[in-house]
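Encoded as structure tokens, the structure appears first; notes follow it.
Bear in mind these aren't lab numbers, they're just calculated from the coordinates by the rules spelled out. All of these numbers come straight from a predicted model, not from anything done at the bench. FYI the Cβ positions are ideal-geometry reconstructions off the backbone, even for glycines, and counts take in every protein chain you see.
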Amino acid sequence: MAKKKTLYWECSSGISGDMAVASLLDAGADEKVLLEVLKTIPAHGFDIKISRVSKSGLDCCDFNVELDKDHENHDHDMEYLFGHDHIHSHEHMEEHVYNEDHTHLQEDTHHHEHRNLADVIAIIDKTHMTENARALAVKIFTILAQAEAKAHGTDINHVHFHEVGAIDSIADIIAVSVCLDNLAVDDVCIPSMNEGCGTVRCQHGILPVPVPAVANIIAEYGIAVNQMDIKGEFITPTGAAVAAAVRTTDRLPDKYIIKKIGIGAGKRTYERPSILRAMIIETDAESERGKANTGCEEADYIYKLESNIDDCTGEILGYVMDLLYNAGAREVNYMPVFMKKNRPGWLITVICKEENIKTLENIIFAETTTIGIRRQKMERTILKREISEIATPLGNAVVKVCDSGDSKVFYPEYESAAAIAKKNNVPLKEVYDIIKREINSGGQCGKKEKD
């Protein structure tokens, strides 16, 4: 049975670029592959250190882009923000890679602070990595650039700002892209992210949390945020851009198996440990289809869509029903109801699978006057069933066979019975009687297809 591999990022302490890289390395991304890629970045002034650290007693991976004195990025310098005592210490098992300047992209040591998006993309293009990783890195930087441009009221192609231009951000984002590509996950699940409160000091002064770039990203991409009563910045612009670029779902499967856990350490010290946990989880095809845990083999989940409609004609409602069935609805019905101000109306109910929800809701909104649809996930238990054919004096008839375990029940299919009635010019109810007699007498029934 096919397995689906999902990365679940548990952002209980927010997310930053270095935390994301560290969590992916700890979850199984190939460290040697990453270091080989980082060696090819055509820029100088940085060193990469990968080590093990302890956060609140938890063993974590730490990914650190160490800048030389001329390339320090004070927006990310934890000593500048929080004081020297808040910088955690490193333990053993450290990996280093020193990068030399291969292309001389910058003529002086401070030019890197004023790179624009085109400059960054040029660096990415010259770095040796897979095309998938390269495309993801460009996507992340573009999201970050758009957010910063909006915050500063300028165009994405003209914005020059510290966050995108800094070599530590470049290394972080390239590293995230390489690690994700290496892990080859099918989905990335981020249900929500925790953020702090208060203010933070950065290059532009004292800013509220979340900082403008982060606020722009989470607003644009609809990422849910839980604000904690803890002062400080837990979601960095780079971390928010990574989440926005890679998130494919905000819903965890109902059942899954955890295959690997990785914990990435952050650089700041708060009331709660600054960690990002990455879990590689697997689901099989059955669980992805929504198998309910009922103890019954034939059990799953179904969705019910409902809406009250008070000013549609019968012709329109009949037309809508046809559209809904043709678009994948399992069942559609109308029930007369009395609504506000004693107005008579109709309750439309649609039963469907999750993958059909968006299409069916679009039909209801487009074709009726409703302005809202209620949606409910429901468990259901269904009997095993199959479609078979039975021989009758009037020709073969299609029947549905339902198996409750103790007995089987046969139901003539209307379309087949109607066709036999028309072909033989006999009443439909007589055709039903003939089919039932053949079933009760033990007539030959051959399996046709699975319903």
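Quote the FRET efficiency, to the nearest 0.05, computed for Gln376 versus Glu66 with a Förster distance R0 of 56 Å and r equal to the Cβ-Cβ distance. My answer for the efficiency is 0.60.
Highest mean packing comes first when the peptides 378-388, 207-217 are listed by Cβ atoms within 10 Å, giving 207-217, 378-388. Of interest is the spacing of the C-alpha centroids, which for the stretch 357-373 and the stretch 392-413 amounts to 36 Å.
What translational D, rounded to a whole number of µm²/s, comes out for the stretch 384-449 from Stokes-Einstein when the hydrodynamic radius is the Kirkwood one over Cα pairs, at 4 °C and 1.567 mPa s? Here the translational diffusion coefficient equals 109 µm²/s. Annotation for the stretch 225-273 versus the stretch 333-356: alpha-carbon center distance of 40 Å.
Per residue, the convex hull spanned by the Cα atoms of the stretch 299-381 measures out at 89 cubic angstrom. Only lysines eight or more places from Lys150 in sequence, or on another chain, were considered; those with a Cα closer than 21 Å are Lys139. In order along the stretch 232-242, phi translates into HN-Hα couplings of x, 9, 9, 10, 8, x, 5, x, 5, 5, 4 Hz, rounded to whole numbers, per the Karplus curve 6.51 cos²θ - 1.76 cosθ + 1.60 with θ = phi - 60° and x for Gly and Pro. Length gained on full extension, Arg52 to Phe338: 96.4 nm, using 0.36 nm per residue less the C-alpha separation. Close amide-amide hydrogen proximity is noted between Cys197 and Ile230, Lys231, Gly232, each under 5 Å apart and 5 or more residues distant or on a separate chain (H modeled in the peptide plane; Pro and chain starts excluded). Under 5 Å between amide hydrogens, built in the peptide plane, is the criterion, and for Val188 it picks out Leu7, Thr248, Thr249 among residues at least 5 positions away or on other chains. Taking amide H atoms as placed 1.01 Å from N in the peptide plane, the amide H of Gly14 lies under 5 Å from those of Asn194, each 5 or more residues away in sequence or on another chain.
Evaluated at q = 0.15 Å⁻¹, the base-10 log of the normalised Debye intensity for the stretch 165-292, with identical point scatterers placed on the Cα atoms, takes the values -0.83. Global size of the stretch 348-401: 18.2, 53 Å for Rg and Dmax (C-alpha atoms, Rg to one decimal, Dmax whole).
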